[in-house]
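Engineer: Provided herewith is a single structure, encoded as structure tokens, for subsequent inquiry.
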Amino acid sequence: ALLGLATDGDADRCGVLDEQGRFVELHELFALLFDYLMNSRGWPGCVVRTTAMDDSVAWLAAKWGRVVMEVPVGFRHVCQKMLEEEVLLGGEESGGIGFKHHIPERDGLLTTLLVAEMVASKGVPMSELVRRLRQECGPCSYRRVDLPGSPQLFRQNLVLLRANPPERVAGMQVERVSLMDGLKLYFADRTWMLMRVSDTESAARIYVASPDASTVERLLNAGERLLKRPECQ
């Protein structure tokens with residue numbers, strides 16, 4: 001098979017496997033679709049992404065002089081921008097993408113159709129498209145962990161962290177902080193960590209992206225320790 005394509009139950013989100021059966025990360029798929037639609041359709045407009053997504057698309061957008069807007073987690077924030085601005089593509093980290101000239105909402109069926117069209121038009125396997133993307137934008141390792149436990153403890157610890165963000169985590173210097181959604185810490189070399197408490201489940205979530213896979217694991221472990229600190233119990 002050239003592709004594996006699937007949607008969730010209400011078909012607003014999707015997942016893609018390449019010809020070797022490997023999962024295509026959403027931030028890679030998002031960047032590839034942006035590049036394809038911009039060049040094949042010539043559509044104008046900016047890009048909207050949630051803060052939990054990797055910034056691969058930002059590198060491509062900068063190359064073509066397109067603006068990338070970052071919003072809190074939740075497609076409702078992407079939808080709002082699609083209603084207010086001229087948006088070519090809007091996406092969230094959990095597999096939902098919305099498109100220009102369509103409804104301001106996620107559409108998994110349209111996404112999978114466009115993925116199939118892109119692969120057919122390019123004439124190369126999906127794995128090759130991902131390889132070319134990584135060659136242009138640089139390597140990226142990305143992982144999210146969900147921490148079950150006491151939402152009250154997680155929220156209390158997150159409030160403390162937001163009020164007094166750490167200067168170093170896992171031995172790495174924090175260069176910049178964002179309080180847009182939870183706490184997002186930026187480090188050197190395109191590495192970042194986002195910690196937030198879920199709005200829909202009794203869990204905290206930690207997202208980390210870095211060119212180095214071992215750094216991702218170190219930060220995930222450090223983030224878990226920060227959110228599970230017992231001082232607030």
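The values are calculated or read from the model by the stated rules, or taken from the named source; none is laboratory data. Fair warning: this is a prediction, and the values are worked out from it, not measured in the lab. All Cβ positions, glycine included, derive from the backbone under ideal geometry; neighbour counts span all protein chains shown. Side chains are part of the model used for accessible areas, which takes the heavy atoms of the whole protein and leaves out ligands, DNA and RNA. Shrake-Rupley method; radii C 1.70, N 1.55, O 1.52, S 1.80 Å.
Engineer: Checking the condition over 28 Å from D146 (Cβ atoms), surrounded by 19 or more Cβ atoms within 10 Å (Cβ to Cβ) and not aromatic (F, W, Y), which residue from L88, L83 passes?
Structural biologist: Details: L83 fails: surrounded by 19 or more Cβ atoms within 10 Å (Cβ to Cβ).
Among L88, L83, only L88 is over 28 Å from D146 (Cβ atoms), surrounded by 19 or more Cβ atoms within 10 Å (Cβ to Cβ) and not aromatic (F, W, Y).
Engineer: Inspect all residues belonging to the range 89-103 and state whether any of them is aliphatic (A, V, I, L, M) and closer than 18 Å to M118 by Cβ.
Structural biologist: Yes, that holds for at least one residue.
Engineer: Considering the range 153-170 alone, what residues qualify as being over 13 Å from L227 (Cα atoms) and either polar (S, T, N, Q) or free of Cβ contacts under 8 Å to residues at least 40 places away in the same chain (or both)? Step through it out loud before you land on a result.
Structural biologist: Residues of the range 153-170 that are over 13 Å from L227 (Cα atoms), as a first pass: 163-164, 167-168, 170.
A163, N164, E167, R168 - these are the residues of the range 153-170 that are over 13 Å from L227 (Cα atoms) and either polar (S, T, N, Q) or free of Cβ contacts under 8 Å to residues at least 40 places away in the same chain (or both).
Engineer: Scan the range 43-71 residue by residue and report those that are open to solvent by 30 Å² or more (accessible area, probe 1.4 Å), under 20 Å from C140 (Cα atoms) and of a type in the set (K, R).
Structural biologist: Passing the criteria: only K63.
Engineer: For the range 122-164, enumerate the residues that are of a type in the set (G, A, S) and in contact with a strand residue (DSSP E or B) (Cβ under 8 Å, 6 or more places away or on another chain).
Structural biologist: Once the filter is applied, which keeps residues that are of a type in the set (G, A, S) and in contact with a strand residue (DSSP E or B) (Cβ under 8 Å, 6 or more places away or on another chain), the range 122-164 yields S141, G149.
Engineer: Go through the range 8-28 and give me each residue that's in contact with a helix residue (DSSP H, G or I) (Cβ under 7 Å, 6 or more places away or on another chain) and either within 12 Å of V115 (Cα to Cα) or open to solvent by less than 60 Å² (accessible area, probe 1.4 Å) (or both).
Structural biologist: Within the range 8-28, D8, A11, D12, C14, V16, D18, E19, V24, H27, E28 qualify.
Engineer: Is there any pair with a first residue in the range 76-102 that is at positive phi and a second that is open to solvent by less than 40 Å² (accessible area, probe 1.4 Å) and assigned to a helix (DSSP H, G or I) whose Cβ atoms are under 9 Å apart and which are 6 or more apart or on different chains, and what are they?
Structural biologist: Cβ pairs passing all conditions: G95/L26; G95/L29; G95/G108; G95/T111.
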